[in-house]
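Here is the structure we will look at, set down as C-alpha cells.
The values are calculated or read from the model by the stated rules, or taken from the named source; none is laboratory data. Please read all numbers here as calculations on a predicted model, not as lab measurements. Positions of Cβ are backbone-derived with ideal geometry, glycine not excepted, and every protein chain shown enters the neighbour counts. What goes into the accessible areas is simple: the full protein's heavy atoms, side chains included, and nothing from ligands, DNA or RNA. Shrake-Rupley method; radii C 1.70, N 1.55, O 1.52, S 1.80 Å.
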Amino acid sequence: EMSSRLERTTTRLAQSERVAAWRQVARRFAHELKNPIQPILVSLYRIEKLVTGTDSYHKIEEPLKAASDELNHLKDLADRFSQLAKLPPPSLERTLLNDLLTSVTGLYKQQLSPFDFVLNMPGQQIYANVDQAYLREALHNIIQNAVDASRPGQQIALSLQADSNRVEIILKDSGEGMDAQTVSAARLPYFTTKEKGTGLGLAIVEKSINEMGGEVYVESEKGSGTTITFSLPIEVSPHES
C-alpha cells in the first residue's frame, strides 16, 4: 500500500510539474501569436475590398482566401493555448459517476454505432468529487480519439471500476495504437497525429484530471489499440459510509 501511494504521488508530481511548465509556455505562445494576427487579418480584408471588382481580383482571390484561412487557424490555435494556460481551478462536487458516464456516452450513440461499443458499469454506485464540466470534456476527448483511431467493427470499451481507495475510468480501443515514442510525446502540447488536430487535447485532459486529484495513464501498442485510464480518489456513497 505504501509503495502504491508513493507511485501515485510520484506520478502526480511529475504530471503537475509537466502541466505547470507547459502552462507557462502556452501563456507566452498565445500572447506572442495573438498580437500580430488581428492586424494581419484586417489588412487582408482591406486589400480584398480595394481590389474587389477590379481585373486583378480573380488573380489574388485564391491566395487571399488561403492566407485568411491559415490565419484563422492560427487564431484558433492561440485560443486553444490560452485555454490551456487559463483553465480555472476545478469546482469539485460529489458526483455519481455511473450516471455521468452513461450521459456522456449517450451523446455518442450515432458516432459509436459503427463500432462494437461496450459500456462496463459496476453493480454499485460509484461517487467521486469531480468538476463535472472538466470530466465531461476529458471523456469527450478520449472517446473522440478512440473513434478516430478505430475502424468500423472494432471494439471500444468504456469501463468504470473502483476499490476502497480509487476509482478508475478506463477507455480501451482496438484501433491502430501508438509506438512507445508516440505515447511519450502524446502528452506534449501541439503534438498530434491527426491531420487537423491541435495537439492540445491530452495536455488539457491531463491538467483537468490532475487538478481533481487524479492521474492519467496511457498504454498503447502499435497495431493493438490504446488504453486511457483516469484514476481518481473515490468518494464513499451515503449507503456505504
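In the neighborhood of Leu101, defined by Cβ-to-Cβ distances under 13 Å, what is the net charge if each Lys or Arg adds +1 and each Asp or Glu adds -1? Intermediate results must be reported in sequence, preceding the final value.
Details: positive: Arg136; negative: Asp99, Glu168.
Residues near Leu101 contribute -1 overall.
Net charge near Leu92, counting Lys/Arg +1 and Asp/Glu -1 over other residues with Cβ under 12 Å of its Cβ?
Values: positive: Arg94; negative: Glu93, Asp131, Glu211, Glu235.
Residues near Leu92 contribute -3 overall.
Which percent of the accessible area of segment 114-168 is formed by carbon and sulfur heavy atoms (probe 1.4 angstrom)? Let's see the in-between values first.
Values: 1080 of 2490 Å².
Carbon with sulfur: 43 percent of the solvent-accessible area.
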